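The values are calculated or read from the model by the stated rules, or taken from the named source; none is laboratory data. Computed from a prediction, not measured in an experiment: that's the story for all the values here. In this analysis, Cβ positions are derived from the backbone assuming ideal geometry, glycine residues included, and neighbour counts consider all displayed protein chains.
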Amino acid sequence: MTLLPLACKSLINRRFAALLTVLTIAVSVTLLLGVEKIRSQARDSFASTISGTDLIVGARSGPVNLLLYSIFHIGDATNDVSWQSYQEVSASPQVAWTVPIALGDSHKGFRVVGTTPEFFSRYHYGARHELVFDAGKPFDDVYDAVIGAEVAARLGYTLDQQIVIAHGMGAVSFVEHKDKPFRIAGILARTGTPVDASVLISLHAIEAIHIDWQSGARVPGQTISADDAKKMDLTPKTITAFLLGLKSKVATFGLQRQINDYRAEPLLAILPGIALQELWGLVGTAENALLIVSALVVIAGLLGMLTALVTTLNERRREMAILRSVGARPRVIFGLLVLEAALLTVLGIVLGVAFLYLALAFAQGPIESHYGILISLNAPTLRELLLIALVAAGGVFAGIVPAALAYRNSLADGLSLRL
């Protein structure tokens, strides 16, 4: 007796209940695999925010704090780095290049980053991808600005449009540098990194807009025009942090130790990869909690299937007795119930995977746009396949309970019909 056609016909005969069971499993599988895929893609995007930089240097605080404000533009620095210290570290024979970063201002809630033109060639993300311009070019005038893709998309900015930088980091600011407007010289292509939500200007521009300011406020009775400011000495006095590349990777730990022991002022040098791992470890608890919730949803779906199979056993005693009468042994009854559970689980998994990729296809753009996470529609990873296998095994295991009950009923009933 072939069990597969028999199991299929049995499920078709109870198609409404079977369909609900399949949908329940499909939704739970979609949630489980969706959380796993977004988690893994978020981690990949997170880890690839910066690449090709050997050290990040800032005022002494903590590695995670330095990484957060210098790269992710979250929070503020505990202190600044003097321009003299920056120049001394840059002059080290092991150093190949440096890119300074100055933070503290904003534009309509987006971070303003003061830097040098080298930022556009030295900053890499992902697998050493370089920054690419969608339009325009790097700044070459004091009052030029380059904006990220997210800034351009949300604010509808285009080339040569004028913008005003605000003092501080508030989304709404009442203290603006209106006397020194900037012209948008370039718009960067989307990267999926914090650069997308940044307004980049030169270090000289940072000095120019604050040249008639002191202690975070405009100096009373002193107003210096934009043109006059350009003629003044705009050498920075301090910066927030700087990125550093080495001529040889062998010198990384030695230079890191020298910077951390720097006597002129307390500095901290961190390796981006190690700091990223430490930061991800802090948020790993939330990621594990999501996976646990998803697993519980899958278990609830399998329990629903178990309940449906068990509750129909009494109604199916006649069916089992007829199968016995045509020569089916109790183990065949057992196998039939297990196979039905396996079929329901497999159909639920297939439908759940289809739901997942369909949902990701529609949500891919918004997720990248709003959260900077690039979700690739690639084949399931080994971990995802393992989760699918566990769900399938769970479905088969759940089918053993009703199968064992049907086996026992079959032995007890024999060929008698219990109506």
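Which of (1) at pLDDT below 85; (2) of a type in the set (F, W, Y); (3) closer than 30 Å to D196 by Cβ; (4) surrounded by 17 or more Cβ atoms within 10 Å (Cβ to Cβ) is the odd one out, the single condition F355 does not satisfy?
Going through the list (1) at pLDDT below 85; (2) of a type in the set (F, W, Y); (3) closer than 30 Å to D196 by Cβ; (4) surrounded by 17 or more Cβ atoms within 10 Å (Cβ to Cβ), F355 breaks only (1).
For residues in the range 132-184 being of a type in the set (S, T, N, Q) and under 28 Å from D212 (Cα atoms), which is modelled with the lowest pLDDT?
Narrowing the range 132-184 to residues of a type in the set (S, T, N, Q): 158, 161-162, 173.
After this cut, where a residue has to be under 28 Å from D212 (Cα atoms) as well, the list is 161-162, 173.
On the way: Q161: 94, Q162: 94, S173: 57.
Only one residue tops the list, namely S173.
Select, from V293, V297, the only residue that is within 21 Å of A398 (Cα to Cα), surrounded by 15 or more Cβ atoms within 10 Å (Cβ to Cβ) and within 28 Å of the chain's Cα centre (by Cα).
Numbers: V293 fails: surrounded by 15 or more Cβ atoms within 10 Å (Cβ to Cβ).
None of the other options fit; the residue is V297.
Give the residues of the range 95-144 that are polar (S, T, N, Q) and without any contact (Cβ under 8 Å) to a residue 24 or more places away in the chain, sorted by residue number. Spell out the reasoning first.
Step one: filter the range 95-144 for residues polar (S, T, N, Q), giving 98, 106, 115-116, 121.
Once the filter is applied, which keeps residues that are polar (S, T, N, Q) and without any contact (Cβ under 8 Å) to a residue 24 or more places away in the chain, the range 95-144 yields only S121.
Starting from residues that are among the aromatic types (F, W, Y) and surrounded by 21 or more Cβ atoms within 10 Å (Cβ to Cβ), keep the ones in the range 126-153 and report whichever is nearest to G52 (Cα to Cα).
In the first step, residues of the range 126-153 are kept if they are among the aromatic types (F, W, Y); the result is 133, 139, 143.
Narrowing further to those that are surrounded by 21 or more Cβ atoms within 10 Å (Cβ to Cβ): 139, 143.
Numbers: F139: 23, Y143: 29 Å.
Ranking the candidates gives F139 first.
What about G335, is it of a type outside the set (F, W, Y), at positive phi, modelled with pLDDT under 90 and surrounded by 13 or more Cβ atoms within 10 Å (Cβ to Cβ)? I'd like the intermediate steps shown before the answer.
Details: of a type outside the set (F, W, Y): yes; at positive phi: no; modelled with pLDDT under 90: yes; surrounded by 13 or more Cβ atoms within 10 Å (Cβ to Cβ): yes.
For G335, the condition - of a type outside the set (F, W, Y), at positive phi, modelled with pLDDT under 90 and surrounded by 13 or more Cβ atoms within 10 Å (Cβ to Cβ) - is not met.
Any residue at all in the range 29-48 that's under 30 Å from G399 (Cβ atoms), charged (D, E, K, R) and buried (at least 20 other Cβ atoms within 10 Å of the Cβ)? Don't jump to the end; show me each part of the working.
Going residue by residue through the range 29-48, those that are under 30 Å from G399 (Cβ atoms) are 29-37, 39.
When the remaining residues are screened for being charged (D, E, K, R), the result is 36-37, 39.
Next, only the ones that are buried (at least 20 other Cβ atoms within 10 Å of the Cβ) stay: 36-37.
Yes, the conditions are met somewhere in the range 29-48.
For the range 75-170, list the strands (runs of 3 or more DSSP E) that sit wholly inside it and hold at least 3 residues that are farther than 30 Å from T252 by Cβ; which are they? Spell out the reasoning first.
Values: elements: 95-107, 110-115, 133-136, 144-147.
Those strands (runs of 3 or more DSSP E) span 95-107, 133-136, 144-147.
Of the conditions (1) surrounded by fewer than 16 Cβ atoms within 10 Å (Cβ to Cβ); (2) touching a helix residue (DSSP H, G or I) at 6+ places or on another chain (Cβ under 9 Å); (3) of a type in the set (S, T, N, Q), Q84 clears all except one; give me its number.
Q84 satisfies all of (1) surrounded by fewer than 16 Cβ atoms within 10 Å (Cβ to Cβ); (2) touching a helix residue (DSSP H, G or I) at 6+ places or on another chain (Cβ under 9 Å); (3) of a type in the set (S, T, N, Q) except (2).
What residue, of L279, L246, L255, is outside the structural domain of A398 (by TED's automatic domain parsing), out of contact with any strand residue (DSSP E or B) (no Cβ under 8 Å at 6 or more places or on another chain) and either acidic (D, E) or buried (at least 17 other Cβ atoms within 10 Å of the Cβ) (or both)? Before you say what the answer is, go through the steps one by one.
Values: L246 fails: out of contact with any strand residue (DSSP E or B) (no Cβ under 8 Å at 6 or more places or on another chain); L255 fails: out of contact with any strand residue (DSSP E or B) (no Cβ under 8 Å at 6 or more places or on another chain).
Testing whether each residue is outside the structural domain of A398 (by TED's automatic domain parsing), out of contact with any strand residue (DSSP E or B) (no Cβ under 8 Å at 6 or more places or on another chain) and either acidic (D, E) or buried (at least 17 other Cβ atoms within 10 Å of the Cβ) (or both) leaves just L279.
Within the range 109-125, how many residues are over 24 Å from the mean Cα position of the chain (by Cα) and farther than 21 Å from D80 by Cβ? Explain how you work it out, then say what you get.
The initial filter retains those residues of the range 109-125 that are over 24 Å from the mean Cα position of the chain (by Cα), namely 114-118, 121.
Now drop any that are not farther than 21 Å from D80 by Cβ, which leaves 117, 121.
Of the residues in the range 109-125, 2 are over 24 Å from the mean Cα position of the chain (by Cα) and farther than 21 Å from D80 by Cβ.
Of all residues being outside any helix (DSSP H, G or I) and touching a residue at least 40 places away in the same chain (Cβ under 8 Å) in the range 63-74, which is surrounded by the most Cβ atoms within 10 Å (Cβ to Cβ)? Just the residue, please. Walk me through how you get there before you give the answer.
Let us first name the residues in the range 63-74 that are outside any helix (DSSP H, G or I), namely 71-74.
Subset that is touching a residue at least 40 places away in the same chain (Cβ under 8 Å): 71-73.
Numbers: I71: 24, F72: 16, H73: 20.
Only one residue fits best here, namely I71.
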